[in-house]
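See structure below.
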Amino acid sequence: MNRYPIIGIRPTIDGRRRGVRESLEAQTMNMATSVKELIETTLKYPNGENVQCVIADTTIGGVKEAADCKEKFRQENVGLTITVTPCWCYGTETMDLDNRMPHAVWGFNGTERPGAVYLAAVLSAYAQKGVPAFGIYGEHVQESDDDSIPEDVTEKLLKFAKAGLAVALMKDRSYLSMGTVSMGIAGSIVKDEFFQEFLGMRNEYVDMTEFVRRINEEIYDVEEYEKALEWTRENATLGFDNNEEDQRFTDDEKESNWETVVKMALIGRDLMVGNEKLAEKGYEEEAMGHDAILSGFQGQRQWTDHFPNGDFMETMLNSSFDWNGKRAPYVMATENDNNNGVAMLFNYLLTNTSQIFADVRTYWSPEAVKRVTGHDLSGKASNGLIHLKNSGASALDGTGQQKQDGKPVIKPFWEVTDEEVDAMMSNTTFHPANKQYFRGGGYSTRYQTKGEMPMTMTRINIVKGLGPVLQIAEGYSIELPDEVHEEIDQRTDPTWPTTWFAPNLTGDGAFTSAYNVMDFWGSNHCAVSYGHIGSELLTLASMLRIPVNMHNVKKDEVFRPHVWSMFGTQGLESADFRACSSFGPLYK
C-alpha cells in the first residue's frame, strides 16, 4: 500500500525576542494555515482524496527550529516544502537545505516588515548553495492583517504544489518493462540512469513469456476474469473486420482472442501493482507485483506474431474505468516506449486524468485536405492538422464523451458519471486486429476524439551528450465532418482511434506553422493530455532538471526556480538548458 507524500509548510519568522517575534507569531502562522487550507481544499491525490499538508509545530526563527521541523517532516513523509513569511528572517539559519525535494518560498508583500527582503535573501542563499527554489511574491501590497492569498500568489502556490507532488509521487516507484525493444524504436530502449537520476525511480523487467505462464497456469483471479469477460461481451461493440476476406478471423478465433486479451489486461495490471487474490491461490510472490507507477508492453513483434496484441489491455488499463467500475488509470505505454510513457506519467500526475498515447502520424495541410476531400479547413484548423493515431494505449476517455458545462472534457475518475462510461463504450468499436501487423490477432480500438477540447501534446526525447529533453505543444482537438474524416481515415488503418490536433501557433520557433510543429517533433510518438498544462509541465521539468526545447506557453505563465534568471532573462529557452546542465539531475 502506497502512502502519498505530504506537503510541508514552514512558517519562518524574525527570531529576535522582546517584542519583534512575538508581534509576528499570529500573522506568520496564519499565512501557513491559509496555504494549508488552499491546497487541501483544491488539490487531490490520484485516488481522489484531498492532498494533505503539515505545518511545523512552531514558527521557525533559527537553526534549532529548522532542524525540529525537518525531523517532523521526515516522519510525516513530506515530499516538498513551502516556506511562508511576512517578515525578515535569518536566511541560511531558517532554510531547508534538502537538495532532493522541491522548495518554494512565499514572501508576503507588505510594508511593516516586508517579507520580500527575506525572500530575496533566502533565494540568494539557495542559489549559492546549489538548491534551486521557487520564489513567490504578490504583485500588490497587502495590509498586515489581510489573511487572504492574492490570485497571482494562489496560481503559483498551486502550480508549485502540483508539480512538486508529481516529483514526490514518482520517487522510489518503478517502471515495469514488459518485454524489450519493439521494432527498433529507440524510445523502447530503457535507460536506467534516466529513471534513477532524473526521476528517482527504479526499473523492473519481465519477459513477455510471463504472460504465457500466467495464462497457462491460471495465475489470475478467475472469478474476476469471468466477470471481466462477461462485461466485455455485454459492453464492447465489435467493429468490422478490415482484413482481406481470406484473412478474416472465424467466430471461434474471435472468441478465443477475447478470452486472451481480457486475461492479458488482468495480468498486466497484476504485474504492475499486485493482487492479493493471487496469494490466496498460493502465488505469494506474484501477488506483490512490481510497485509500478508506469509500465510498457513491447508487443510487436515477438508477441504479436503469435499471440493477440496488447491493444485491449493498454486501452482498458489507461482508461478511468473497467468491469469493476470507475477507478484511477494504470499508465501503460504501447511498444514499451518508456520515453513516451514518462510523458504520459507527467501529464497524468499533473491532471489525474487518463492519457492518450498516439503516433504523430501525418501532417495534413489545408491544400491536401481540400484536394483529397473537397473540404476547406477553417478556424483553429486553418493552418492544417496533425493526425494523431495509434492502435494501442489510447484511453477511452479520449473519445471526449465526458461533459462539463455541455462541452467535451476528460475528467478525473471520481467525477466521471455512469452515463459517461456508457457513452464512452457506445462511441467506441473494437475491431479484429490487422493481420498484416498483428498475425496473432487481438482487438484494436476505434473512435474519433470530440472537437474543441484544449489539449497538450508532449514527449520526452533522450539525446546523447545532452540527456532527456521535453517537448510541449498546446492546442485543440478538431472534429472534422464525418465524411471528411472517413475519407482521410480510410487512407491509413481505419480500425484505430483518431485525434485531430491543431497546435496553437505563436509565430516563433517551431510554432510558426502546424507543419513545423510536426517537423520539429522528436520521435514518432506523443502523449496527449486534456487541458492546457504546458506551464505546469515547464515547472515540473525544471524541478527534475529536464530542459524544454520547444513549447508555446505564454511567457507570463512560465514558472521556474528563481535562480534560472541568473542564467539569462531574455533567451529563456537557452537559459533553461544552461540551468539544467549546471545543477544536473535531481537525484544524481
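Results for (1) open to solvent by 60 Å² or more (accessible area, probe 1.4 Å); (2) more than 13 Å from Met264 (Cβ to Cβ); (3) of a type in the set (Phe, Trp, Tyr), shown as yes or no for each residue.
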residue	(1), (2), (3)
Gly179	no, no, no
Ser182	no, yes, no
Gly187	no, yes, no
Val212	no, no, no
Asp221	no, yes, no
Glu224	no, yes, no
Leu229	no, no, no
Gln247	yes, yes, no
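Checking the structure you have, find out if any residue of the stretch 329-347 is in contact with a His (Cβ under 7 Å, 6 or more places away or on another chain) and in the same structural domain as Met272 (by the TED database).
Within the stretch 329-347, one or more residues are in contact with a His (Cβ under 7 Å, 6 or more places away or on another chain) and in the same structural domain as Met272 (by the TED database).
When you check Ala368 against the structure, is it at pLDDT 95 or above and within 14 Å of Ser477 (Cβ to Cβ), yes or no?
It is false that Ala368 is at pLDDT 95 or above and within 14 Å of Ser477 (Cβ to Cβ).
Within the stretch 299-337, how many residues are buried (at least 21 other Cβ atoms within 10 Å of the Cβ), under 19 Å from the mean Cα position of the chain (by Cα) and either not in a loop (DSSP other than H, G, I, E, B) or not small (Gly, Ala, Ser) (or both)?
Summing the residues that are buried (at least 21 other Cβ atoms within 10 Å of the Cβ), under 19 Å from the mean Cα position of the chain (by Cα) and either not in a loop (DSSP other than H, G, I, E, B) or not small (Gly, Ala, Ser) (or both) in the stretch 299-337 gives 15.
List, please: which pairs have Cβ atoms under 9 Å, are six or more places apart or on different chains, and start with a residue in the stretch 557-580 that is under 18 Å from Ser535 (Cβ atoms) and touching a residue at least 60 places away in the same chain (Cβ under 8 Å) and end with one that is acidic (Asp, Glu) and buried (at least 21 other Cβ atoms within 10 Å of the Cβ)?
From the stretch 557-580, the pairs are Phe559/Glu536; Arg560/Asp576; Trp564/Asp576.
Tell me the residue from Thr12, Thr28, Thr42, Thr33 that is under 23 Å from the mean Cα position of the chain (by Cα) and not charged (D, E, K, R), please.
Thr42
Could you check Leu350 against (1) closer than 18 Å to Ile472 by Cβ; (2) assigned to a strand (DSSP E or B); (3) in contact with a helix residue (DSSP H, G or I) (Cβ under 8 Å, 6 or more places away or on another chain) and say which number it fails?
(2)
Given the structure, is Pro432 open to solvent by less than 10 Å² (accessible area, probe 1.4 Å), closer than 17 Å to Thr237 by Cα, in contact (Cβ under 8 Å) with a residue 12 or more places away in the chain and under 24 Å from the mean Cα position of the chain (by Cα)?
Criteria not met by Pro432.
Answer with yes or no whether Pro412 is under 19 Å from Asn352 (Cβ atoms), open to solvent by 10 Å² or more (accessible area, probe 1.4 Å), in the same structural domain as Gln355 (by the TED database) and not small (Gly, Ala, Ser).
In short, yes.
Output yes when any residue across the stretch 396-410 is among the acidic types (Asp, Glu) and over 21 Å from the mean Cα position of the chain (by Cα), and no when none is.
Within the stretch 396-410, one or more residues are among the acidic types (Asp, Glu) and over 21 Å from the mean Cα position of the chain (by Cα).
So in the stretch 134-164, with the set limited to residues that are of a type outside the set (Gly, Ala, Ser) and open to solvent by less than 10 Å² (accessible area, probe 1.4 Å), which one is nearest to His103 (Cα to Cα)?
Phe134
The values are calculated or read from the model by the stated rules, or taken from the named source; none is laboratory data. Quick caveat: nothing in here was measured; it's all calculated off a predicted structure. As a convention, Cβ positions derive from the backbone with ideal geometry for all residues, glycine included, and neighbour counts pool all protein chains shown. These accessible areas exclude ligands, DNA and RNA; they are computed on the full protein's heavy atoms, side chains included. Shrake-Rupley method; radii C 1.70, N 1.55, O 1.52, S 1.80 Å.
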